[in-house]
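Asker: Would you mind keeping the following structure in view while I ask a few things?
The values are calculated or read from the model by the stated rules, or taken from the named source; none is laboratory data. Predicted model, so just to flag it, every value in this text is computed and none were measured. Cβ sites come from the backbone with ideal geometry, for glycine too, and all protein chains shown count toward neighbours. Ligands, DNA and RNA are excluded from the accessible area calculation, which covers all protein heavy atoms including side chains. Shrake-Rupley method; radii C 1.70, N 1.55, O 1.52, S 1.80 Å.
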Amino acid sequence: MAQKFIDIRGVTYQPEGEGVMAPSYAQQHLPVREQTKAVGHAVRATYLYAGMADVLAQTGDKSLQPALDSIWNNIVDTRMHITGGLGAIHGIEGFGPEYVLPNKDAYNETCAAVGNVMFNYRMFLTKKDARYVDVAEVALYNNVLAGVNLDGNKFFYVNPLEADARNAFNQGLKGRSPWFGTACCPSNIARLIPQIPGMMYAHTDNDIYCTFYAGTSTVVPLSDGKVTIKQTTNYPFDESVRFEIKPEQSKQKFAMHFRIPTWAGKQFVPGKLYHYLNDKPAEWKVLLNGKEVSVKPHKGFVTIERAWKSGDLVELQLPMLVRYNKAISQVEADIDRVCITRGPLVYCAESVDNVAMPASYVVNPSEDISITKGAGALKYIDFITMPAHSVQDKDVHSLTLLPYYAWDNRGDDAMIVWLSENDSLANASIPKISEYISDIKATHTFDRDDVYAMLTNGYPANSFDTSIPRWTSWPQKGEEQIVEFILKRPIALQSFSVYWYDDGGGVQVPKSWSLEYKQNGEWKTFPIYVTDEYRMLKDQYNMVHPGKDITTEGLRLRIVPLPHAAVGILSVQIEEVK
Ligand SMILES: [Zn+2]
């Protein structure tokens, strides 16, 4: 049946239209064997490519190979974030143009990273080449694991590489969610993680391939007898991976293949997109019963073939060096930026560990780096501290980073993966709150409040933050309010966000609200994006996007309060299409 679906995809039916009806959205623009590039919805795409690899493996249909190879190269050379995330673009939840890999606005659905693991693992099975496992590992340890918190009960659908603690990027929330209306991502994680033990060893008649590294025991049925393998390691926080090998037959002859990851060489992940600033490879070693063996990798694996005896020990030593990564210059979002990795892990800076805003730091590549263990729920995780300065706070001289997969476990903080290399870029990365608004008018403002407060409060602690000024309509309980924002110039609007004030008594989040925009001097109904809602969530920004391109001279909020309360706003944000 899989073969049938692959044979008719893009042949018997081609949708006509744009967006979700575009021929490329579900990869129906061409017969699959004629496809050369990764396009359209990223989850649909990776499932299709995984299915093509399965059909190739099961039927030997080599006519699928050129398309698979070309699509794989297109992904790793032009369309993959360093976290292994795919589908950078919102709206179609899919692949954007080549090299368009935004950080703050990255979509990178958790399911697409799961699909990246599934596609690459199948490519490995068809080719016995470790570079596919290397891509799967980076996607698994970074984007997939970031999709779930350390407690295992809150999820990211969307996985940006930068967050400012304001933008509600995760389907209306600025942090993780226990569930989603479309709950594909939590269930996809629940499916993939238990499958990983089954992917750790692959075998043919007399060859065993060791792919992912983790503490585990297994029995591999080779044609000459079973082989019991016990793997002991704390990878990737441990530089040593130990294998104890017990063949069923004495002096059983077979080959063991151990993966030497791409990250232990000159770059973090296969493909042309990313390279280490200092490309000196790590000095990895392979020891057999305590003695170093001279081996050279072939297709990413080193091989020990011999008559094995029970209790033979193989140890892999993989130095976990802290590396500075650069993207190729075609990736505009990463120009003059570096990303820190260690082993297979991408690191990020989160505001909870640092005095200044993460985006305000400028790193100074140096050897003066320290590794420390975290605390509490993060106690098994290695943190990195390195020299850096902040353009926001001149007294700061070091920056603390943690693995990307572990961010947003201590509150919904600001976070950044690609750090600035110069002061001007760091300055430009700090949000300017009142960049667009020249004046604000409200139908009523309480005597002790300030309507302009909503321009200067970038980061309220919560909706009942009384340490900062606010606007409220107190004491006009139950009376509709209009708040009008006059813009400095007409802008192409990307989004509008409002952070409600709520003291739980006289001033509360409203019953409802809506937006209007001004065009050619006329107020019009805001064409709210189909999946957006006018939300009344506390303790965060409530963001709406226009469903079509609009240029506006002003914005007007119509707020309907609860009957027994007035309404209040701590902050608003406006973003322009960039
Ligand atoms: Zn999903």
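Asker: Taking all protein chains in place and a 1.4 Å probe, what share, in percent, of the accessible surface of the stretch 50-185 do carbon and sulfur account for? Write down the numbers at each step before the final one.
Answerer: Values: 1950 of 3760 Å².
Reported share for carbon and sulfur atoms: 52 percent.
Asker: At what distance in nm do the modelled label points of Ala428 and Arg489 sit from each other, each positioned 7 Å from its Cα along Cα→Cβ?
Answerer: With each label placed 7 Å out from Cα toward Cβ, I get 1.6 nm.
Asker: Using amide H atoms built 1.01 Å from N in the peptide plane, name the residues 5+ places from Ile89, or on other chains, whose amide H lies under 5 Å from its own.
Answerer: Long-range HN contacts for Ile89: Gly94, Gly96, Tyr107, Asn108.
Asker: Right, another one. Relative to the longest principal axis of the chain, what angle (0 to 90°, nearest 10) does the C-alpha long axis of helix 184-199 take?
Answerer: Between the helix axis and the principal axis of the chain, the angle is about 20 degrees.
Asker: Express the carbon and sulfur contribution to the solvent-accessible surface of the stretch 474-578 as a percent, rounded to the nearest whole number, probe 1.4 angstrom. Provide the component values of the computation, followed by the final result.
Answerer: Working: 2240 of 4660 Å².
Percent of accessible area from carbon and sulfur atoms in the stretch 474-578: 48.
Asker: Something else about it: Rule-of-thumb check for the stretch 451-515: C-alpha Rg over 2.2 N^0.38 Å? Walk me through the intermediate numbers first.
Answerer: Values: Rg = 13.1 Å, N = 65, 2.2 N^0.38 = 10.7 Å.
Cα Rg divided by the expected 2.2 N^0.38 Å: 1.22.
Asker: Here is a further query. Volume per residue, Å³, of the convex hull around the alpha-carbon atoms of the stretch 6-87?
Answerer: In the stretch 6-87, the Cα hull volume divided by residue count equals 84 Å³.
Asker: Which shape class applies to the chain: rounded if a/c is under 1.5, otherwise prolate when a/b exceeds b/c and oblate if not, where a ≥ b ≥ c are the square roots of the Cα gyration tensor eigenvalues? Please list the in-between numbers first.
Answerer: Numbers: a/c = 2.40, a/b = 1.74, b/c = 1.38.
It comes out prolate by the Cα gyration axes.
Asker: Same structure, new question: Under 10 Å from the Cβ of His41, count the other residues' Cβ atoms, weight Lys and Arg +1, Asp and Glu -1, and hand me the total. Intermediate results must be reported in sequence, preceding the final value.
Answerer: Numbers: positive: Arg44; negative: Glu93, Glu109.
Cβ neighbours under 10 Å give a net charge of -1.
Asker: Given axes a ≥ b ≥ c from the Cα gyration tensor, I'd like to know whether the stretch 324-429 is rounded (a/c under 1.5), prolate (a/b larger than b/c) or oblate.
Answerer: Details: a/c = 1.56, a/b = 1.32, b/c = 1.18.
Prolate, since a/c reaches 1.5 and a/b exceeds b/c.
Asker: Compute the relative contact order of the chain as a whole-number percentage, counting only Cα pairs closer than 8 Å that sit 6 or more residues apart in sequence. Show your work: numbers first, answer last.
Answerer: On the way: 1381 pairs, mean separation 57.2, N = 578.
Relative contact order for the chain comes out at 10 percent.
Asker: Go through Ile340, Ile8, Ile196 and list them by solvent-accessible area, largest first, probe radius 1.4 Å. Working shown, then result.
Answerer: Working: Ile340 0, Ile8 55, Ile196 25 Å².
Largest accessible area first, the list is Ile8, Ile196, Ile340.
Asker: Then there is this: Label Ser370 and Asp439 with points 7 Å out from Cα along Cα→Cβ: what is the distance between them in nm?
Answerer: So the two model labels end up 5.5 nm from each other.
Asker: Here is a follow-up. Using per-residue counts of other Cβ atoms within 10 Å, averaged over each peptide, order 413-419, 302-308 from highest down.
Answerer: Values: 413-419: 25.7, 302-308: 16.1.
For the peptides 413-419, 302-308, the packing ranking is 413-419, 302-308.
Asker: Would you mind telling me the share, in percent, of accessible area of the stretch 284-361 contributed by carbon and sulfur at probe 1.4 angstrom? Present the calculation step by step, with values, prior to reporting the outcome.
Answerer: Values: 1620 of 3220 Å².
Here it works out to 50 percent.
Asker: The stretch 238-320: percent of C-alpha pairs farther apart than 14 Å? Don't jump to the answer; show the numbers that get you there.
Answerer: Working: 2252 of 3403 pairs.
So the portion of pairs separated by more than 14 Å is 66 percent.
Asker: Oh, and also: Each label point is 7 Å from the Cα along the Cα-to-Cβ direction; what then is the distance between the points at Lys266 and Met1, in nm?
Answerer: 4.7
Asker: Quick one: length gained pulling Leu562 to Glu576 fully straight, 0.36 nm per residue minus the C-alpha distance?
Answerer: Values: separation 14, 0.36 × 14 = 5.04 nm, distance 3.14 nm.
Answer, rounded to one decimal: 1.9 nm.
Asker: So, one more: HN-Hα J couplings of the stretch 281-298 from phi, Karplus 6.51/-1.76/1.60, θ = phi - 60°, integer Hz, Gly and Pro as x?
Answerer: Once θ is set to phi - 60°, the couplings for the stretch 281-298 become x, 5, 8, 6, 9, 10, 10, 10, 6, x, 10, 5, 10, 8, 9, 10, x, 10 Hz.
Asker: Please give the peptides 28-38, 327-337 ranked by average Cβ packing (other Cβ atoms within 10 Å per residue), highest first, as a rough proxy for protection.
Answerer: Values: 28-38: 18.7, 327-337: 17.1.
Going from most to least packed, we get 28-38, 327-337.
Asker: Can I ask one more? Apply the Kirkwood formula to the stretch 437-576: the hydrodynamic radius equals the inverse of the mean of 1/r over all pairs of different alpha-carbon atoms; give it in Å with one decimal.
Answerer: Numbers: mean 1/r = 0.0668 Å⁻¹.
Roughly 15.0 Å, rounded to one decimal.
Asker: Determine the gain in length on full extension of the stretch Asn206-His397; use 0.36 nm per residue of separation and subtract their C-alpha separation, reporting nm with one decimal.
Answerer: On the way: separation 191, 0.36 × 191 = 68.76 nm, distance 5.50 nm.
That works out to 63.3 nm of additional length.
Asker: Keeping all protein chains in place, calculate the accessible area per residue for the chain (probe 1.4 angstrom), answer in Å². Let's see the in-between values first.
Answerer: Working: 23950 Å² over 578 residues.
Roughly 41 Å² per residue, with all protein chains present.
Asker: Another question, if that's okay. At 0.36 nm per residue, and after removing the present C-alpha to C-alpha distance, how many nm does the segment from Ile8 to Tyr380 gain when stretched out fully? Please list the in-between numbers first.
Answerer: Details: separation 372, 0.36 × 372 = 133.92 nm, distance 4.90 nm.
129.0 nm is the gain from fully extending Ile8 to Tyr380.
Asker: Round to the nearest 0.05 the FRET efficiency obtained for Asp77 and Ser250 when R0 = 56 Å and r is the Cβ-Cβ distance. Let's see the in-between values first.
Answerer: Numbers: r = 48 Å, r/R0 = 0.86.
In this case the efficiency is close to 0.70.
Asker: Order the following by accessible area, largest value first: Ile371, Ile82. Probe radius 1.4 Å; ligands, DNA and RNA are ignored.
Answerer: Numbers: Ile371 70, Ile82 0 Å².
So the residues, ranked largest to smallest area, are Ile371, Ile82.
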